[in-house]
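The values are calculated or read from the model by the stated rules, or taken from the named source; none is laboratory data. Keep in mind that what you see is a predicted model, and the values were worked out from it rather than measured. In this analysis, Cβ positions are derived from the backbone assuming ideal geometry, glycine residues included, and neighbour counts consider all displayed protein chains. We work out accessible area using only protein heavy atoms, side chains counted, and drop any ligands, DNA or RNA first. Shrake-Rupley method; radii C 1.70, N 1.55, O 1.52, S 1.80 Å.
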Amino acid sequence: MEYIQKGTRAFHKANWALFLAGFITFANLYITQPLLPTFADVFHVSPAVASLSLSVTTFALAVSLIIVSSLSEAWGRKSLMTISIFAASVLTVALAFSPNFEMILGLRVLQGIVFAGLPAIAMAYLGEEMEPASLGVAMGLYISGNSVGGLSGRVIIGTLTDHYNWHIGMMVLGGISLFVSVLFVWMLPSSKHFSPRPLQLKALTKTLLQHLKDPSMLCLYGIGFVLMGSFVTLYNYIGFQLMAPPYNLSATIVGWIFVIYLVGTFSSAWFGSLADRYGRQQMLLLAIAIMLAGAIVTLNGLLTLKIIGITVFTFGFFAAHSIASGWVSRRATHDKAQASSLYLFFYYVGSSVGGTVGGVFWMKYGWVGVIAMIALFLLIACVLSFLLKELIAKQHAITTL
């Protein structure tokens, strides 16, 4: 059985299928982030409570990632990915008819669970089916689908909410997602190199615990937690500030602010190469410092400087995240997939915790409070980075004795 090679019809179909699947998964995952001010106003809830529409989803995703990756070993790659994107699309349509905020939260929890079916499996499918020489290109296209989807979903929902209402926005995005799901099933080649294996939950649990007992891995997981917690907090509550006086920006304009994400495409690749040349800890600390500088600039009341600050912050985040996530793979001496899934677990739990706790700081202290919380998180990331360096040095000294 041949592997899928670059330039073939199967290669193009597989790449487009996974690009589109990543697109709709991450478009729907972050669909409520631009709507937080709208939810707070329509359902008469606090900003912190409104943020739960994203936090409960990322938390459910974090827990499900570890479970679903194991299920795919027994049930197959394409079948689980198909269930995931169809279920997520149907749930987005159902969200449009939610009569109250409690129903929204319930549906968002279910979405978090089914969302796990794509990120947990897509990379495994590519690793099994692609020719090694073609894997890098295929992986890059899949990841670009994730980022473009996360950006486009926010822009689409923000624009439609501004011109119509959030119900119409949900229905349109859900309809697009269902159509794309059909294309995915038609385009993605069936697995040829997948061999089902029985579930081994006991072995999985043992592997996860081994990674959690490694202090250096715990530092990296903690860094992922506070980085994502900081990032989501800033984007969760910047909309509240910009849609209020003196800015009074529309939901459309606030949605387009997420175009800033594109700077991360450059910074993640650039800092990844810089880390190989100058050392991971140095470049990680630099990226964290860039995040902090950008966050501080957003305290300025001038809108232009505020946007510049958000851009700098975003640039630093993607740089730091690329270094930390890549460091996990290099530090893991065994079962790298499980090590990476644990990083994603802490990463998304950080999104849930930081995104909601940030709401408390916003309500009590305004934007200054949000930036103070972010600064505290970034300080923790610096401390963990220094601790990680010491732990690695000690482990190296022990192995050389």
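General observations
- Full extension of the chain between ALA124 and LYS394 yields a length gain of 93.8 nm, computed as 0.36 nm times the residue separation minus the alpha carbon distance.
- Sites SER273 and LEU105, calculated FRET efficiency, Cβ-Cβ separation with R0 35 Å, nearest 0.05: 0.25
- Under 5 Å between amide hydrogens, built in the peptide plane, is the criterion, and for MET130 it picks out ILE4 among residues at least 5 positions away or on other chains.
- The chain, accessible surface, carbon-and-sulfur percent (1.4 angstrom probe): 71
- Whole-angstrom gap from the stretch 19-46 to the stretch 233-295, using each part's C-alpha centre: 19
- Most to least packed among 110-116, 23-29, 296-302 [average Cβ atoms within 10 Å]: 23-29, 110-116, 296-302
- Sites count as exposed loop sites when they are trypsin sites (Lys or Arg not before Pro), lie in a DSSP loop, and have at most 13 other Cβ atoms within 10 angstrom; the longest stretch of the chain without one is 1-191.
- Estimated inter-spin distance, HIS193 and LYS6, nm [label 7 Å along Cα→Cβ]: 1.5
- Label-zone membership for the stretch 296-319, site THR265, 7 angstrom Cα→C-beta point, backbone N under 18 Å: 311-312, 314-319
- Span-like helix ranges in the chain, DSSP H, alpha carbon extent 15 angstrom or more, Kyte mean at least 0.5: 9-29, 52-75, 77-95, 101-115, 132-163, 166-187, 215-242, 280-297, 303-331, 336-400
- Whole-number percent relative contact order across the chain, with pairs defined as alpha carbons under 8 Å at least 6 apart: 25
- Label sites at ILE83 and ASN165, each approximated as a point 7 angstrom past Cα along Cα to Cβ, lie 3.5 nm apart.
- For the stretch 1-103, pairs of C-alpha atoms spaced more than 21 angstrom apart make up 49 percent of the total.
- On the basis of the beta-carbon distance and an R0 of 25 Å, LYS213 and PHE386 show a calculated FRET efficiency of 0.75.
- Label positions at VAL63 and LEU379, each projected 7 Å from the Cα along the C-beta direction, are separated by 3.2 nm.
- Gain on full stretching of the segment that runs from LEU299 to TRP16 - 0.36 nm per residue minus C-alpha separation: 97.8 nm
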